[in-house]
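Visitor: Sending over a structure as structure tokens; questions will come in a sec.
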Amino acid sequence: MSRQLSMDTVRQNFWKEEYLREKMLRCEWHHKYGSLVKAKQKAKAAARLPLKLPTLPPKAPLSPPPPPKAVPSRASSPSLEAPIQSEMYPVPPATRALLYEGISHDFQGRYRYLSTRKLDMPEKRYLFPITTNFTYGWQLGPPVKQELVFCKMCRTESFFRKNGAFALLDPRDLAL
């Protein structure tokens, strides 16, 4: 863009006032919102830093517990047993043995183990539904194989438009 040659003192003063007005607006904005912007920038920078966990001091070795006094033994109640460590039932030994026979490239080993394990119903593999999506397949029973009915005319009549591609639509063809 070329300069205007008709630059007189009036126009120069106009541009000087515009520049000073914009400068004052920027200073006011920075005075009003600068601290908020800096706080947001610090929060974003802190979010990008990896989380450091505090280091724990080394534990002192525990002193041996005092010898137990003669207390009549009670049968342990089921509620005091150790909590369940796994979400899955243990794998049968025959299925686990598939892991060590051959390699996955030859459809043996891990591949065969996983495909065999996949055939079991979720109720036989897991103690309880772990996620909410598990509830969809929980206790469905054995899969039911549905046979497809092959009828060429049924497929043709339901797929193609009855009046042709460019014909006006028949009101019976429209779903209202």
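The values are calculated or read from the model by the stated rules, or taken from the named source; none is laboratory data. What you see is a predicted model, and the numbers here were worked out from it, not measured in a lab. No Cβ is skipped: glycine too gets one built from the backbone with ideal geometry, and neighbour counts run over all protein chains shown. The accessibility values were calculated without ligands, DNA or RNA, using every heavy atom of the protein model including side chains. Shrake-Rupley method; radii C 1.70, N 1.55, O 1.52, S 1.80 Å.
Visitor: Take P129 and tell me if it is free of Cβ contacts under 8 Å to residues at least 12 places away in the same chain, open to solvent by less than 90 Å² (accessible area, probe 1.4 Å) and either within 21 Å of S86 (Cα to Cα) or among the acidic types (D, E) (or both).
Guide: So P129 passes the test.
Visitor: Can you tell me which residue is modelled with the highest pLDDT among those in the range 61-115 that are of a type in the set (V, I, T) and farther than 23 Å from L127 by Cβ?
Guide: I103
Visitor: For the range 117-124, indicate whether the set of residues that are surrounded by 13 or more Cβ atoms within 10 Å (Cβ to Cβ) and at pLDDT 90 or above is non-empty.
Guide: Yes; the residues of the range 117-124 include at least one that is surrounded by 13 or more Cβ atoms within 10 Å (Cβ to Cβ) and at pLDDT 90 or above.
Visitor: Of the conditions (1) at pLDDT below 85; (2) more than 49 Å from the chain's Cα centre (by Cα), L20 clears all except one; give me its number.
Guide: If we test L20 against (1) at pLDDT below 85; (2) more than 49 Å from the chain's Cα centre (by Cα), just (1) comes out false.
Visitor: Select from the range 89-110 the residues that are of a type in the set (D, E, K, R) and part of a helix (DSSP H, G or I) and write down the one among them that is farthest from I130 (Cα to Cα).
Guide: Applying the filter and picking the extreme gives D106.
Visitor: Identify, by number, the condition in (1) polar (S, T, N, Q); (2) over 25 Å from V144 (Cα atoms); (3) in contact with a Leu (Cβ under 8 Å, 6 or more places away or on another chain) that S104 doesn't meet.
Guide: Every listed condition holds for S104 apart from (3).
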